[in-house]
Amino acid sequence: MVKEKEFPVEYTGMNVLIMGLGLHGGGLESARYLASHGAKLTVTDLRDEKILTPSIEKLKAAGISARYVLGHHNIEDFENADMIIKNPGVPPDSPYLRAASDQRSADRGSAHIETDISLFLAASPARLIAVTGSKGKSSTSSAIHWVLDQARKRCLLPGKAYLGGNITVSPLTFLDTLTADDDVVLELSSWQLGDLKGRLHPGSAGANPIALLKPRAAVLTAIMPDHLDRYGTMEAYVADKRVIYQGQDKTDATIAADDRWGQSFLAETPGRPMVYGEKPLPEGTAGGWVESPGGRGLAQLAAKLPAQPASGEIIELVPAKLLVPGSHQKKNLLAAGLALLDLGLPADFIRESLGSFPGIEHRLEFFHESRGIRFYNDTAATIPEAAAAAVEAFDQPVILVSGGTDKNLDFSCLVKAAANAKAVILLAGTGSEKLRRLLDQAAIPYRGPWDSVDGAVHSALETAAAGDVVVLSPGCASFGMFLNEFDRGHKWKDAVLRLA
């Protein structure tokens, strides 16, 4: 479907169709970037103008003119485009993309079908660190960026550090400013990776082609069931995750967990494998482990790297005390630390910097305390395993606010964790109905489901006492009551700040 040829330096006069303007920045920044490089834009989205107003207003404020087709798609727009910028949420077998490819192949050659990520990778001169996983990828990406940024402040590295991708910052926002001295950390979803499968860099040719995605370090966080409503099977879902390292070679490193999926990644990667987990590693194995219970993150190298300890020496990479709670967070930071160690940063500096990492919005984010009750926003916990981990992250009694839209996932782990919560409060949704049946079977009481955030907050305040933790950790998608998971998190925080 994708035609491989070098992208033009300028897009002057090209008819570019943005398929999926969205609210997270990918479509918006694709439009902004391509318009600044001379393209003529048509923007099409199945959502209507009312929902997309924030993105449309941002384009207008930037002086970007475009033709808008909202609430539906016109097949003629796809057939007449020179380039189509696809939102990652659009499935690759979309009939519009297929029809456009078939029509143009017959008439005058295939249109480019691209994403903001593919445009970025084709033009970026910077060193790349890529992160994926089911949960923990945003925290891991942000921690790597935090340390790389701190390294620049200490003059340990030249250039600048940038963070983008699935974390809602399109890398096109900073593409034109990049140099070869810079580092870019990209968080990549399975959908974004699937769009890069088999893609070659447009600047490579001949007998030794280079993959479009070739990260210097590829980090894979915990793999759990997710998006099975789209993929159908775990194998299909994980196949897209594997794309992150398939373009690497022995000059690159792949960091993955010591579990079933991680072991398969490390066995097949063309990069140098580094493993992380909870058990000490055999001598000669590169990677690290977290001391149990609640201890430090340790690392050992299989070979001597520049500015690093000797092979086999065990070093402390993650301190026992962190600013964000949870054993899963410690493993995320250990994975980040291993990548940074392989990039050449000193272990002592990595440990110090990870110890000061403040965490990120929407991931076990502490944002308010009232009457001795601490409130957290963990809206990015969109699968049951992540919500279960939130309950287990605290030593204090937890009031869990959970539920939402089902993604065809197994809630048994969340029900098991809910048995240890002081109270369970449900938001309305198809996932909550499924969860209610399981909670009833386990004789675990709950409140709700509430069809408003205010109702859930009032219910939590009736239950909580000084010393308790109230955490929104849905374990479900956000569709229905909210525009997206971030809208859910913002509305939760607004309600708590008004009512608590």
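All of the numbers you see were taken from the coordinates with simple rules; none came from a lab. Just so we're clear, the structure is a prediction, and the values are computed from it rather than from any experiment. With ideal geometry, Cβ positions are generated from the backbone for all residues, glycine too; neighbour counts draw on all protein chains shown.
A few remarks follow.
- Percent of C-alpha pairs per 5 Å bin, segment 118-355, short to long: 1, 7, 15, 19, 21, 17, 12, 6, 2, 0, 0
- Debye equation applied to the C-alpha atoms of segment 234-359, log10 I(q)/I(0) at 0.14 Å⁻¹: -0.59
- In segment 203-288, the trypsin sites (Lys or Arg not before Pro) that fall in loop regions by DSSP, at most 16 other Cβ within 10 Å: Lys250
- If you look at the Cα atoms of segment 365-499, you get an Rg and a Dmax of 13.0, 38 Å.
- Using the Cβ-Cβ distance between Asp229 and Thr179 with R0 set to 51 Å, the FRET efficiency from 1/(1 + (r/R0)^6) comes to roughly 0.75.
- Neighbour-count ranking [beta-carbon atoms within 10 angstrom, fewest first] of Cys155, Cys476, Cys413: Cys155, Cys413, Cys476
- Set of lysines near Lys491 by C-alpha distance (under 21 Å), chain-local residues within fewer than 8 positions excluded: Lys50
- Rg/Rh (Cα only; Kirkwood hydrodynamic radius) as it applies to segment 15-114: 0.95
- Whole-angstrom gap from segment 478-500 to segment 117-174, using each part's C-alpha centre: 27
- Using a cutoff of 8 angstrom between alpha carbon atoms and counting only pairs six or more residues apart, the relative contact order for the chain works out to 10 percent.
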